[in-house]
Amino acid sequence: MRLGEQSRMNASINITPLVDVVLVLLIIFMVMAPQMKKGPDVDVPDTSKPSSQGDERGRILVSIDEGGGLWIDDQQIAPENFGEALQTAVGDEPEPKVVIRGDSRLNFRDVRQTMLLIEQAGFRGVGLIAQRAEARGN
Amino acid sequence: MQFNTGSDSSFQSEINITPLVDVVLVLLIIFMVVVPLLMEGYDVDIPRASAAPMAAQAEESQLILSIAPTACPIIEPLAGEGLPSDCRVTLGDQKIPAAELPARMAEFLGGRAVEKRVLFLAADDSLNYEGVLRIVDLAKSGVEGLKIEFIGTH
């Protein structure tokens, strides 16, 4: 008896290993995704049409948490050290851009004061981070 | 019809990894494209505290939008979407409902050259940040390429 003589030919691709790998990748990204977001937990305001804030290069992320605390990337900064810390974060970046990720429960006062601090560090404009309202299933 | 081809070919015990590699590369590309774009928001200008911010523009072409807590009650964090229906803002010297903002903005600034489309925004300190951003959103939706400059309320 010759090998393969009796078996039916199976023309479909075996997708089991493919599904394995895709699921593992999915799990890896699900685990990684929360860590890829820098900074504290912030409830970003929902609006209808925010525009893209460029890519990561040259972007300095300033977060303001619910209590009004200031963060640059992952580090909490006291307001009096903020200018210095911002300069350090800028480094020798050719085209720095500061974006503010403020909590939606803040008063405008906190955000305005942060903008003034950023202005004192020599920046003319900032980006205010928001998220599209539809992204929350609305 | 009988399939006899199988009997001739040598038995292949290796997994065909070509579709797998395809899928992995496509996923990689998707994530490389999506991750830097995750952040969205609004570009705004902060005037220098020292310099007079409005000297650059002629007096009559300045458009000032002011939001007062008495006219637009967005003090507390907002529940749900949009702005309260009784929210009124002052655009130039007119008091208008916030919902009319896109149309009015287009009326005021739509005819100007793109680089002259500037709105000065005076928002009260006590307002909720999300509410202010939603008004910024409304103003930007009415006019293409609008620049927004925050000015102090006092």
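What strands (runs of 3 or more DSSP E) completely inside region B:73-144 contain at least 1 residues that are of a type in the set (Ser, Thr, Tyr)? The qualifying strands (runs of 3 or more DSSP E) are B:88-91. A:ARG105: among the charged types (D, E, K, R), within 7 Å of chain B (Cβ to nearest Cβ) and either loosely packed, with under 15 Cβ neighbours inside 10 Å or in a helix (DSSP H, G or I) (or both), yes or no? So A:ARG105 does not fit the description; no. On the given criteria, is B:LEU78 closer than 30 Å to A:LEU128 by Cβ, at pLDDT below 75 and either surrounded by 10 or more Cβ atoms within 10 Å (Cβ to Cβ) or of a type in the set (Ser, Thr, Tyr) (or both)? For B:LEU78, the condition - closer than 30 Å to A:LEU128 by Cβ, at pLDDT below 75 and either surrounded by 10 or more Cβ atoms within 10 Å (Cβ to Cβ) or of a type in the set (Ser, Thr, Tyr) (or both) - is met.
Note on region A:51-96: among residues that are among the acidic types (Asp, Glu) and within 14 Å of another protein chain (Cβ to nearest Cβ), the one that is nearest to A:LEU116 (Cα to Cα) is A:ASP65. Per the conditions (1) in contact with a helix residue (DSSP H, G or I) (Cβ under 8 Å, 6 or more places away or on another chain); (2) crowded, with 18+ Cβ neighbours inside 10 Å, the sole criterion not satisfied by A:GLN131 is (1).
If only residues of region B:135-151 that are among the small types (Gly, Ala, Ser) and out of contact with any strand residue (DSSP E or B) (no Cβ under 7 Å at 6 or more places or on another chain) are counted, the one that is nearest to B:GLU115 (Cα to Cα) is B:GLY145. Screening B:ILE17, B:ILE30 for residues that are at pLDDT 70 or above, under 27 Å from the mean Cα position of the chain (by Cα), more than 7 Å from chain A (Cβ to nearest Cβ) and within 30 Å of A:MET32 (Cβ to Cβ) leaves exactly one candidate, B:ILE30.
Within region B:97-120, the set of residues being crowded, with 16+ Cβ neighbours inside 10 Å and free of Cβ contacts under 8 Å to residues at least 60 places away in the same chain comprises B:ALA98, B:GLU100, B:LEU101, B:PRO102, B:ARG104, B:MET105, B:PHE108, B:LEU109, B:ARG117, B:LEU119. Taking the criterion of being of a type outside the set (D, E, K, R), part of a loop (DSSP other than H, G, I, E, B) and within 20 Å of the chain's Cα centre (by Cα), the only residue of region A:71-102 that qualifies is A:PRO96. Residue count for region A:13-28 under the criterion of being exposed (fewer than 13 other Cβ atoms within 10 Å of the Cβ), facing chain B (nearest Cβ under 9 Å) and within 13 Å of B:LEU28 (Cα to Cα): the result is 1.
Per-residue answers, yes or no, for (1) under 24 Å from the mean Cα position of the chain (by Cα); (2) of a type in the set (Lys, Arg); (3) modelled with pLDDT under 80:
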site: B:VAL44; (1), (2), (3): yes, no, no
site: B:PRO47; (1), (2), (3): yes, no, yes
site: B:GLN62; (1), (2), (3): yes, no, no
site: B:SER66; (1), (2), (3): yes, no, no
site: B:PRO69; (1), (2), (3): yes, no, no
site: B:GLN94; (1), (2), (3): no, no, no
site: B:ALA103; (1), (2), (3): yes, no, no
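Among the residues of region A:46-70, which ones are within 15 Å of B:TYR42 (Cβ to Cβ) and assigned to a strand (DSSP E or B)?
Once the filter is applied, which keeps residues that are within 15 Å of B:TYR42 (Cβ to Cβ) and assigned to a strand (DSSP E or B), region A:46-70 yields A:ASP46, A:THR47, A:SER51, A:SER52, A:ARG59, A:VAL62.
Each residue in region A:54-77 was checked for being touching a Phe, Trp or Tyr at 6+ places or on another chain (Cβ under 9 Å) and either surrounded by fewer than 16 Cβ atoms within 10 Å (Cβ to Cβ) or polar (S, T, N, Q) (or both), and 1 of them qualify.
The values are calculated or read from the model by the stated rules, or taken from the named source; none is laboratory data. For clarity, every value in this text was computed on a predicted model and none was experimentally measured. Note that each Cβ is placed from the backbone with ideal geometry, even for glycine, and that neighbours are counted across all protein chains shown.
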